[in-house]
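A short worksheet on the structure shown next.
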């Protein structure tokens, strides 16, 4: 999973680099004729990234970082083979016949400036029967308490972790002394953006000549084409990836040396695969279709794969083929849309695998963004599948305030496990697990009464 996350991050970074590099080039007027026009219209594909950039969302993100708030929410999961409606994400759950499987209620208070967070969590068995847990963070101390199981917080300090795990018999050279939970991994300053533009535009410009760009017309459209051989495309990817793995700005956004090393390692793996490929003179064409001065469709065509990016109302539709672990390429459709109404923003992402008929629907809604006093986040994820359909829902309503009170950890209310050796920790965990089993059995008896 970490590998996939890092690769996704690298792909997003490269896309952002290509877009910003094009913007830089056109603004300077470096490109001319067909080359100039091609990149001028290619800039309009940057609207895919711009869908996720919003001033109100940025203001909300900054307020969450800098202002304390209380919160209340719920997580639910439904599983049922009858979940097949394309529009069921927009239906009231009370009208569906989904079989209930799992839910968690939570409420708490957060003060990110002072690195404090407390959440009261109820794992629900059924109405009135639940398992309570409280999570608390104070600085580098993270604690959990379950009143039905233990009377003090079990706390781990996010420092000297390598030594702690060594003391309990777990030796891992890649274990950091401290886990850095950075949330701004893809945030760049304006100066950093300019430096990235300069660097990657130079790579793009050196690898593409004016002769590779052509222009044609149909009855209603202008058509611009960039033609590359497999070898040219391979070299472009290799040059970008080679620079990416040593880019100090991008590497500085990764959390620690271990993550950086893994990132570089995975880029090296991709590079090795690219370098091993037998590139030919077969062409890869990137084709833009322009109507009334607007880019309406982009196609990427090769002998093995065709991809199209189509502009639709409020978003984009992407048709391509994907494979995993060497499996046969499968056609998929991805639709991304954004809508705004008053103080609400809604994102809808649909992933449809044509052959198997599987559909993944993701709906993300932010409500109350204009006032930034009470903001509600809603995430619905639905998998429509003949094998394992299911629907996941997350709701969290934040109410911003002037201050929140979160108690510190001390010797009376907590027990730090960093100070335990392997035998002591094993004994403690066995006792806790045994008590959890007893409490769970008691909860199940209450349900059956």
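The values are calculated or read from the model by the stated rules, or taken from the named source; none is laboratory data. All figures in this text were calculated on a predicted structure; none of them were measured in a lab. Because the Cβ atoms are built from the backbone with ideal geometry, glycine has one as well, and the counts that use them run over all protein chains shown.
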Can you tell me which residue is farthest from residue 208 (Cα to Cα) among those in the range 33-73 that are assigned to a loop (DSSP other than H, G, I, E, B) and at pLDDT below 90?
54
Scan 274, 243 and give me the residue that is modelled with pLDDT under 85, surrounded by 15 or more Cβ atoms within 10 Å (Cβ to Cβ) and under 26 Å from residue 201 (Cβ atoms).
274
Criterion first (free of Cβ contacts under 8 Å to residues at least 40 places away in the same chain, surrounded by 16 or more Cβ atoms within 10 Å (Cβ to Cβ) and more than 23 Å from residue 69 (Cα to Cα)) does residue 167 satisfy it?
no
How many residues does the range 213-228 hold that are touching a strand residue (DSSP E or B) at 6+ places or on another chain (Cβ under 6 Å) and without any contact (Cβ under 8 Å) to a residue 60 or more places away in the chain?
3
Working only within the range 90-121, note down all residues that are touching a strand residue (DSSP E or B) at 6+ places or on another chain (Cβ under 6 Å), surrounded by fewer than 17 Cβ atoms within 10 Å (Cβ to Cβ) and modelled with pLDDT under 95.
101, 102
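For the range 307-328, how many residues are under 21 Å from residue 285 (Cβ atoms) and modelled with pLDDT of 85 or more?
Number of matching residues: 10.
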If you go through the range 410-419, how many residues are closer than 14 Å to residue 164 by Cβ and modelled with pLDDT of 85 or more?
3
Where in the range 334-431 are there strands (runs of 3 or more DSSP E), lying wholly inside it, with at least 3 residues that are surrounded by 17 or more Cβ atoms within 10 Å (Cβ to Cβ)?
344-353, 358-367, 374-384, 390-400
Checked against (1) modelled with pLDDT of 95 or more; (2) within 18 Å of the chain's Cα centre (by Cα), residue 376 satisfies every condition except (2)
Could you pull out the residue among 284, 309, 290 that is surrounded by 15 or more Cβ atoms within 10 Å (Cβ to Cβ), within 27 Å of the chain's Cα centre (by Cα) and more than 30 Å from residue 161 (Cβ to Cβ)?
309
